[in-house]
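Contents: one structure, followed by commentary.
Values quoted throughout were computed directly from the atomic coordinates according to the rules given, and no laboratory measurement underlies them. Note that the structure is predicted; figures quoted are calculated from it, not measured. For neighbour counting, all protein chains shown are included, and Cβ atoms are generated from backbone atoms with ideal geometry for every residue, glycine included.
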Number of protein chains: 2
Amino acid sequence: MGGDHAPAEVVHGAIEAIRSGVEVILVGDRARIQPLLEAAGCSARVVHASETIGMGDDPSIAIREKKDSSVSVAARLVATGDAAGFVSAGSTGAAMAAAALIVGRLPEVRRPAIASIFPTRKIVVDSGANLDVRPEHLVQFAVMGSALAETYLQITDPKVGLLNIGEEDGKGRDLEKEAFKLLSTAPVNFVGNVEGRDVAGDRVDVIVTDGFSGNVLLKGAEGSGRMLLEMMMEQAASDPGLRAMLPTLAPAFRQLRSRVDPETYGGAHLVGTRGVVVIAHGSSTRVAIANALRMAAADAANGLVERIAAGIGATVA
Amino acid sequence: MGGDHAPAEVVHGAIEAIRSGVEVILVGDRARIQPLLEAAGCSARVVHASETIGMGDDPSIAIREKKDSSVSVAARLVATGDAAGFVSAGSTGAAMAAAALIVGRLPEVRRPAIASIFPTRKIVVDSGANLDVRPEHLVQFAVMGSALAETYLQITDPKVGLLNIGEEDGKGRDLEKEAFKLLSTAPVNFVGNVEGRDVAGDRVDVIVTDGFSGNVLLKGAEGSGRMLLEMMMEQAASDPGLRAMLPTLAPAFRQLRSRVDPETYGGAHLVGTRGVVVIAHGSSTRVAIANALRMAAADAANGLVERIAAGIGATVA
């Protein structure tokens with residue numbers, strides 16, 4: 001029931017995921033969901049939820065008070081083992097609160113975090129869950145991000161970098177200086193400080209940072225992508241030679257846009273909880289919802305949660 | 001004498017700027033600079049400086065101890081009124097220390113800051129000088145960024161946004177929550193919270209943030225630009241129709257790259273000091289150096305320093 005285009009677009013995304021082999025349980029207002037399934041000739045399990053949490057609700061309060069909200073019911077299906085994970089395109093805060101309070105944190109995980117995957121296959125963790133963090137949290141983010149890189153991106157011994165304002169040792173705030181020391185002895189393949197520009201190139205697979213900086217990096221990359229596409233179109237329009245090629249270039253532009261567009265490529269993984277949680281963009285289309293469901297299914301099949309539990313266990317052992 | 005390609009590339013950049021009408025004093029090792037000028041048939045004032053500050057030196061200590069370093073001598077020319085400003089492609093830390101200790105802060109400016117201009121004509125301040133800031137510093141950044149938008153970009157009543165993780169009021173860390181309140185009553189055209197994606201689009205002209213987040217935004221945008229260009233080339237190479245067009249597309253690609261490439265478009269303005277200071281990229285080519293010198297000349301001609309002084313005065317009056 002969450003997201004700007006719910007429930008129709010979400011249900012259609014679920015139908016697409018089901019047809020590609022994902023086992024999906026739909027949670028929400030049965031009276032609105034069932035007709036959409038039937039019209040598409042698709043049968044799927046629907047679990048009714050009578051309430052929804054809006055963007056204006058305080059997430060933690062809403063999760064405690066609206067026991068029958070769709071995200072709460074979905075999270076309970078995960079907590080009871082009926083589902084391996086849940087996907088939400090609703091309020092990110094509500095999904096995180098449901099994950100923390102209902103699904104629960106893994107033992108010894110201090111702070112679940114949002115791990116976003118860039119079109120260049122770089123993982124940025126945390127990209128928005130924890131605005132103020134301590135150095136030891138960044139170490140756990142590194143372990144969890146590495147587990148995701150191994151299981152989801154199939155990268156062996158992923159390279160972990162600490163987001164900073166320069167590559168040299170000793171750069172950054174007290175947070176980065178202390179985290180640098182801890183990461184140097186942590187059970188991850190730490191390659192040192194990296195910069196925003198390393199979202200491209202080969203220096204690093206996992207970029208570790210606080211949720212404020214990670215969010216700035218993620219959304220700044222979206223903005224720059226948009227900026228560059230705008231400039232390309234401007235330039236093509238002003239150059240007669242290029243203008244003549246536009247009919248041929250347009251499909252390539254569209255394909256490029258879809259590769260960098262967060263509304264297409266799915267969702268972000270919330271890592272550190274006892275089940276799989278994927279947070280989709282509020283403006284997700286059916287394509288994004290289907291991708292987010294496939295991400296969640298892959299995480300479950302690849303044993304992401306177990307891998308994270310083992311990794312975090314190793315840091316505290 | 002600063003930068004990866006000094007002194008030759010820097011001298012050639014100065015020659016280019018001189019030829020476009022900028023009055024340039026070259027500061028550094030006369031024995032190395034003079035022959036380059038003569039070979040180019042260019043006459044310019046050279047002020048000798050016997051020392052240089054390296055990337056390995058501690059900036060504040062080096063500025064205090066190496067009184068005859070090129071950046072110190074250049075800063076003294078500004079302090080004495082012999083020059084309206086200085087440009088450096090050397091250590092950013094050394095240039096900032098020379099600006100603070102030799103040129104000096106404007107009265108009532110708490111923290112000089114780095115204002116970077118994106119290819120979309122958005123100003124981000126601070127983009128790297130102050131990693132830990134207080135809400136009242138962000139208000140001064142807003143005033144100084146607005147002055148730069150008015151004088152350098154000729155924007156009337158520039159729109160100022162606070163970099164945050166969402167557009168809604170009440171988002172962010174304590175820093176953003178408190179700064180939001182102060183900015184709402186400050187003498188700037190405050191439009192509220194903005195996100196990284198607003199480096200494109202029309203929502204804002206000046207983006208205010210701490211130096212860590214601003215640096216992440218700036219370098220992340222560089223990285224994304226690089227990423228998108230890489231993806232375009234990849235796509236063009238794999239599509240026979242596009243591959244045939246490459247000879248025609250290549251110049252447009254190059255032009256686009258140069259519009260987004262920080263090594264081409266010049267430098268960043270250090271705002272809040274008693275003279276003009278422009279910090280160029282360490283890997284600046286002659287084109288970038290010439291652009292940085294033209295930026296500094298424009299700042300002087302447009303009365304940037306006086307405008308900032310008046311704006312800051314208004315906030316404390």
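With its label point defined 7 Å out from Cα along the Cα-to-Cβ axis, B:C42 lies at 6.5 nm from the matching points of the other copies, in increasing order. Placing R0 at 30 angstrom, the Cβ-Cβ distance between B:E167 and A:R134 gives a FRET efficiency of 0.60 after rounding to 0.05.
In the assembly of identical copies, B:E23 has its label point, taken 7 Å from Cα in the direction of the beta carbon, separated from the corresponding points by 8.1 nm (ascending, one decimal). Overall, the protein assembly as shown carries a charge dipole of about 320 debye about its Cα centre when +1 sits on the Cβ of Lys and Arg and -1 on the Cβ of Asp and Glu, all other atoms neutral. Sites listed here are trypsin sites (Lys or Arg not before Pro) in the stretch B:1-38 whose DSSP assignment is loop and whose Cβ has at most 15 other Cβ atoms within 10 Å, and the list is empty.
P(r) tail for the stretch A:170-228: Cα pairs beyond 18 Å make up 41% of the total. Projected over every direction and averaged, the convex hull enclosing the alpha-carbon atoms of the stretch A:101-162 yields 4.9 nm². Highest GNM mean-square fluctuation among A:P35, A:P59, A:P135, for chain A modelled with Cα contacts below 10 Å: A:P35. Here the extension length gained between B:E108 and B:A40 equals 20.0 nm, from 0.36 nm per residue of separation less the Cα-Cα distance.
For chain A, the mean residue ellipticity at 222 nm estimated from helices alone is -15500 deg cm²/dmol, where every DSSP H run of n ≥ 4 contributes -39500 (n - 2.57) and the total is divided by all residues, rounded to the nearest 500. When each of B:T156, B:T92 is scored by the number of other beta-carbon atoms lying within 10 Å, the sequence from fewest to most is B:T156, B:T92.
Would you calculate the convex hull of the Cα atoms in the protein assembly as shown and tell me its volume per residue in Å³? Walk me through the numbers on the way to the answer.
Values: hull volume 102.9 nm³, N = 634.
Output value, Cα hull per residue: 162 Å³.
Mind grabbing the base-10 log of I(q)/I(0) for the stretch B:68-199 at q = 0.11, 0.14, 0.17, 0.18 Å⁻¹? Debye formula, identical points on the C-alpha positions, no solvent, two decimal places. Calculated log10 I(q)/I(0) at the listed q: -0.45, -0.70, -0.96, -1.05.
Summing +1 for each Lys or Arg and -1 for each Asp or Glu among the other residues whose beta-carbon sits under 12 angstrom from that of A:L36 gives 0. What you get for chain B, charging only the Cβ of Lys and Arg (+1) and of Asp and Glu (-1), is a dipole of about 440 debye around the Cα centre.
Straight-distance candidates among the lysines for linking to A:K181, with alpha-carbon spacing under 30 Å and chain neighbours fewer than 8 residues away dropped: A:K122, A:K159, A:K171, A:K219, B:K219.
Taking every DSSP beta bridge that has both ends in chain A, the antiparallel portion is near 35%.
Here the Gaussian network model covers chain B, with springs between Cα atoms less than 10 Å apart; of B:A250, B:A298, B:A84, B:A250 fluctuates the most.
Figure the gain on full extension for B:K177 and B:A301 (residue separation times 0.36 nm, minus the Cα-Cα span) and round it to one decimal in nm.
Contour length minus Cα-Cα distance gives 40.9 nm.
Its Cα centre serving as origin, the stretch A:1-130 has a Cβ charge dipole (Lys and Arg +1, Asp and Glu -1) of approximately 380 debye. Across the stretch A:1-114, the relative contact order, built from alpha-carbon pairs under 8 Å that are at least six residues apart, equals 23 percent.
Within chain A, which is the longest segment that contains none of the GluC sites (Glu not before Pro) sitting in a DSSP loop with at most 16 other Cβ atoms within 10 Å?
A:169-317
Largest mean-square fluctuation among A:M55, A:M245, A:M144, in a Gaussian network model of chain A whose springs join Cα atoms under 10 Å apart, belongs to A:M245. Ordering A:T209, B:I33, A:I308 by Cα displacement along the dipole of the protein assembly as shown toward the positive end leaves B:I33 in first place; charges were set at the Cβ atoms of Lys, Arg (+1) and Asp, Glu (-1).
Shown here is the pair-distance distribution of the stretch A:6-155: with all Cα-Cα distances grouped in 10 Å bins from zero up to the longest one, the shares run 10, 33, 36, 18, 2, 0 percent. Computed over all pairs of different Cα atoms, the Kirkwood value for the hydrodynamic radius of the stretch B:1-46 is 10.4 Å. Here's the list of aspartates and glutamates a cross-link from B:K177 could span, going by alpha-carbon distance under 17 Å and ignoring same-chain residues fewer than 8 apart: A:D58, A:D132, B:D132, B:E136, B:E167, B:E168, B:D169, B:E195, B:D210.
Of the beta bridges in the protein assembly as shown, as assigned by DSSP with both residues counted there, near 35 percent are antiparallel. Label-point distances for B:A298 to the equivalent site in the other copies, using a point 7 angstrom along Cα→C-beta, read 4.4 nm when ranked shortest first.
First check a/c for the stretch A:142-250, with a ≥ b ≥ c the square roots of the eigenvalues of its C-alpha gyration tensor; if it is under 1.5, answer rounded, and if not, answer prolate when a/b is larger than b/c or oblate otherwise. Prolate. Given N residues in the stretch A:49-121, what is Rg(Cα) / (2.2 N^0.38 Å)? Rg over 2.2 N^0.38 Å, computed on Cα atoms: 1.14. If you wrap the Cα atoms of the stretch A:16-72 in a convex hull and average its projected area over all directions, you get 4.5 nm².
The mean sequence separation of alpha-carbon pairs under 8 Å and at least six residues apart, normalised by the residue count of chain B, gives a relative contact order of 24 percent.
Taken over the alpha carbons of chain A as equal point scatterers, the Debye sum produces base-10 log I(q)/I(0) values at 0.07, 0.13, 0.14 Å⁻¹ of -0.29, -0.94, -1.06.
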